[in-house]
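The values are calculated or read from the model by the stated rules, or taken from the named source; none is laboratory data. What you are looking at is a predicted structure, and each value in this text was computed from that prediction instead of being measured. Here Cβ is always computed from backbone atoms with ideal geometry, including for glycine, and neighbour counts include all displayed protein chains. Accessible surface areas use protein heavy atoms only, side chains included; no ligands, DNA or RNA. Shrake-Rupley method; radii C 1.70, N 1.55, O 1.52, S 1.80 Å.
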Amino acid sequence: MNARPVFDALWMAGLFVSVVAVLPQLWLIAQSHNRCEALTSHYIAALALSRVLSGTFMWHARHDITCDPWVEGFNHAVWSILGAHALHLLLLADFTYYYVKAVLKRGIAGFQLCMDDCPV
């Protein structure tokens, strides 16, 4: 967006790494019998919210993002950015469902997130 290819490429690489970086956390939750401590679950939920807000910004800024087209008439940079946001949200969708369910049931302070129906 700012016509500095090196920094734009570094930013996009950081975006792709952040999408993949959530996988170990989700794997750890799956390995711990679908339970997650409160601070960890709040962090992952904040990460999902930040991706929603960032994706909304990128959707509105998509007309300002330019690149040298690989295919004529197709702006691959915009769709790579939006695709990374969508993939990140897709990876966090199951977690977000159980997080919202737990917050509505038990409140936001001091709960342990259970992906199954576990006792309070």
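The table below gives the values:
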| read-out | value |
| --- | --- |
| Cα lying deepest toward the dipole's positive end in the chain, options 52, 33, 20, charges on Cβ | 33 |
| Carbon plus sulfur fraction of accessible area for the stretch 1-62, probe 1.4 Å, in percent | 72 |
| Protection proxy ranking, peptides 36-49, 12-25, average beta carbon neighbours within 10 Å, highest first | 36-49, 12-25 |
| Accessible solvent surface per residue of the chain, calculated while the other protein chains remain in place, 1.4 angstrom probe, Å² | 67 |
| GNM result for the chain, Cα springs below 10 Å: residue of 70, 27, 11 fluctuating most strongly | 70 |
| Prolate/oblate/rounded call for the stretch 13-59, Cα gyration tensor, a/c under 1.5 rounded | oblate |
| Largest-first principal axis extents of the Cα set of the chain (Å) | 56, 25, 22 |
| Between helix 38-60 and the chain: long-axis angle, C-alpha atoms, 0 to 90°, nearest 10 | 30 |
